[in-house]
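Peer 1: Structure in structure tokens, see below.
The values are calculated or read from the model by the stated rules, or taken from the named source; none is laboratory data. Everything numeric here is computed off the predicted structure, so don't read it as measured data. Cβ: placed from backbone, ideal geometry, glycine included. Neighbour counts: every protein chain shown. Accessible surface is based on the protein model in full, side chains and every heavy atom, while ligands, DNA and RNA are left aside. Shrake-Rupley method; radii C 1.70, N 1.55, O 1.52, S 1.80 Å.
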Amino acid sequence: MHRLKLIPAALLSAGALAVALPAHADQLSDLQAQLQKLTQEVEQLKAEQAHTAAQAAATQKVVATQAAAPAKAAANSNPLQFGGKDNSVTIYGDIDEYANYMHSSSGRNLSAIEDGALLRSRLGMTGIHTVSPGYAMHFDVEQSLDFTNGAQPGAGRLFDRQAWAGVQTPYGDFRVGRQETIAFFHGGLVDFTSRTLGSVVNAFGVPARFDNDLSYSSPVFNGLQLQAHYALSSANSSTVGSNGSVYQLGAEYVKGPFDVGYNGLWANAPAGATYNTKGEYQNAYADYNYGRGKVYMTYVRSNVGPGSGFSGIGGAYPGGVPLTGTASAINDYYNIYQISADYDLTSAWRVGALYGVIKNSNAANSGAKGMTLGSYYTGIKSTTLYALVDTLSNDANASFDQSGSAPLTKAFPAADLKGKRITGVQVGFMYKF
């Protein structure tokens with residue numbers, strides 16, 4: 001640029017000299033040649049300047065495009081996520097609807113549209129905020145929904161499924177609030193249905209979540225992770241000590257294709273209970289991934305079955321009391337044995353089969369056995385299409401019924417369950433966002 005500015009001055013000087021000095025023919029010729037050379041250099045410099053400016057403009061456009069591209073991609077990948085990597089809030093949920101046809105050996109049939117075969121329809125919000133390297137605050141709140149009628153299943157609660165806050169540290173994850181039990185959280189390790197519709201274990205029931213729950217999950221060390229929960233009773237202000245409280249312990253070990261684990265839950269009866277027997281739910285499982293699918297084996301021992309007074313199953317126990325202590329059935333212990341397997345026909349299509357038995361060790365003819373065949377297709381983005389055929393045969397004194405992630409809103413009365421065989425066909429979809 002500086003050189004270009006000096007050229008006009010040189011041309012003017014050369015012209016002045018040409019006028020002022022007596023010029024011979026040969027001198028004049030030399031001067032004209034120099035002027036022509038200077039003119040050519042000016043034109044060349046102008047061309048170079050224009051080319052450089054064009055290159056700069058093009059580079060600036062590419063840089064701007066590249067800078068905008070990641071932001072646009074991030075926005076399109078999840079439009080319900082706000083913030084960045086270290087400080088974000090995400091809105092999520094699912095819609096799970098299915099057609100259900102069931103037949104009882106009593107002769108009665110049932111047809112209905114139901115919610116939540118695989119995953120109860122819900123709307124949730126989770127967030128995380130890194131406060132220092134290795135430490136982050138996080139939370140999760142979740143409300144169940146029923147898309148069959150628009151009702152709020154968790155009546156009286158804004159967030160009936162989860163409402164907790166915690167801190168992640170290099171030494172583990174600490175949380176407090178309304179949380180899922182270890183057994184409920186590990187449902188995907190129980191059988192090919194993820195312990196939902198068609199699962200015999202799910203037909204028996206599982207304690208789902210508790211209020212006032214303090215929990216700790218350890219880091220994974222050589223494939224092993226430990227968990228512990230302690231839920232304080234919220235029955236009333238007069239409850240003291242461990243009365244009405246619930247505590248849990250869990251361990252999971254993953255090594256190659258094997259995944260084995262155990263979780264146990266014990267619930268203390270409230271003060272002054274007629275029956276002080278602890279409510280128990282203990283689950284051991286072992287899974288083997290053979291490449292194109294998994295084989296699942298699980299065992300449950302529990303006394304929180306039908307009539308036990310343990311109202312924590314499903315997670316909505318009145319007043320926060322998980323065990324009333326007024327039912328003698330709390331002394332009936334059940335053993336549940338179940339085996340299942342699935343197979344990937346394609347990368348998007350999975351089929352599975354299951355067989356399970358419920359046995360009451362204290363009362364005769366109070367168990368059940370069941371079988372299920374299932375098919376799941378995930379070839380549509382964010383959507384699972386599923387179809388199930390299942391049967392559940394009750395003993396003479398048992399009244400177990402099928403249940404999904406959500407209980408049936410239209411179910412058989414006890415007369416069509418007790419001692420009867422229930423056969424069902426279900427077809428539906430689950431969309432996650």
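Peer 1: Just read off the accessible area of Ile113 with the full protein assembly in place, 1.4 Å probe, to the nearest 10 Å².
Peer 2: 100 Å²
Peer 1: Please express the shape of the stretch 282-433 as an equivalent ellipsoid: the semi-axes are the square roots of 5 times the eigenvalues of the C-alpha gyration tensor, given largest first in whole angstrom.
Peer 2: Equivalent ellipsoid semi-axes, largest first: 30, 18, 17 Å.
Peer 1: Would you compute, for the Cα atoms of the stretch 258-367, the largest minus smallest coordinate along each principal axis and list the three values in descending order, in whole Å?
Peer 2: 57, 32, 21
Peer 1: Please list, in order, the residues from the stretch 173-201 whose amide nitrogen is less than 16 Å from a point placed 7 Å along the Cα→Cβ vector of Lys278.
Peer 2: Taking a point 7 Å out along Cα→Cβ of Lys278, the residues of the stretch 173-201 whose backbone N falls under 16 Å are 182-183.
Peer 1: Excluding ligands and nucleic acids, what accessible area in Å² is computed for Lys255 using a 1.4 Å probe, to the nearest 10?
Peer 2: 130 Å²
Peer 1: Continuing with the same structure: Compute the distance in nm between two label points, each set 7 Å from the Cα along the Cα-to-Cβ direction, one at Ser328 and one at Thr169.
Peer 2: Taking the simple label geometry, Ser328 and Thr169 are separated by 4.9 nm.
Peer 1: Hey, another quick one. Debye sum, Cα scatterers, the stretch 87-172, no solvent: what log₁₀ I/I(0) at q = 0.12, 0.13, 0.14, 0.18 1/Å?
Peer 2: Debye output, listed in q order: -0.53, -0.59, -0.64, -0.84.
Peer 1: Let me check something: with ligands and nucleic acids excluded, how do Trp164, Trp349 order by accessible area (1.4 Å probe), largest to smallest?
Peer 2: In descending accessible area the options line up as Trp349, Trp164.
Peer 1: For the stretch 372-433, what relative contact order do you get, as a whole percent, if you take Cα pairs closer than 8 Å and at least 6 residues apart?
Peer 2: 42 percent
Peer 1: Give me the number: length gained by fully extending Asn212 to Lys410, i.e. 0.36 nm times residue separation minus the C-alpha to C-alpha distance, one decimal in nm.
Peer 2: Fully extending the segment from Asn212 to Lys410 adds 68.1 nm.
Peer 1: Can I ask one more? Full-extension gain between Tyr355 and Asn289, please, as 0.36 nm times their residue separation minus the C-alpha to C-alpha distance.
Peer 2: Separation in residues times 0.36 nm, less the Cα-Cα distance, equals 21.9 nm.
Peer 1: Another question about this same structure. Could you order Ser111, Ser308 so the one with the most accessible surface comes first? Probe is 1.4 Å.
Peer 2: Largest to smallest exposure gives the sequence Ser111, Ser308.
Peer 1: Over the stretch 170-313, what lengths in whole Å, largest first, do the semi-axes of the equivalent ellipsoid take, defined as the square roots of 5 times the eigenvalues of the alpha-carbon gyration tensor?
Peer 2: 29, 19, 11
Peer 1: Another question, if that's okay. Can you compute log10 of I(q)/I(0) for the stretch 358-433 with the Debye formula, treating each Cα as one identical point scatterer, at q = 0.15, 0.22, 0.26 Å⁻¹?
Peer 2: -0.62, -1.00, -1.20
Peer 1: By the scheme Lys and Arg +1, Asp and Glu -1, what is the net charge of all other residues having a beta-carbon under 13 Å from that of Ser340?
Peer 2: So the environment of Ser340 carries a net charge of -1.
Peer 1: Please give the net charge around Tyr355, taking every other residue with its beta carbon less than 12 angstrom from that of Tyr355, where Lys and Arg add +1 and Asp and Glu add -1.
Peer 2: My count for the surroundings of Tyr355 gives -1.
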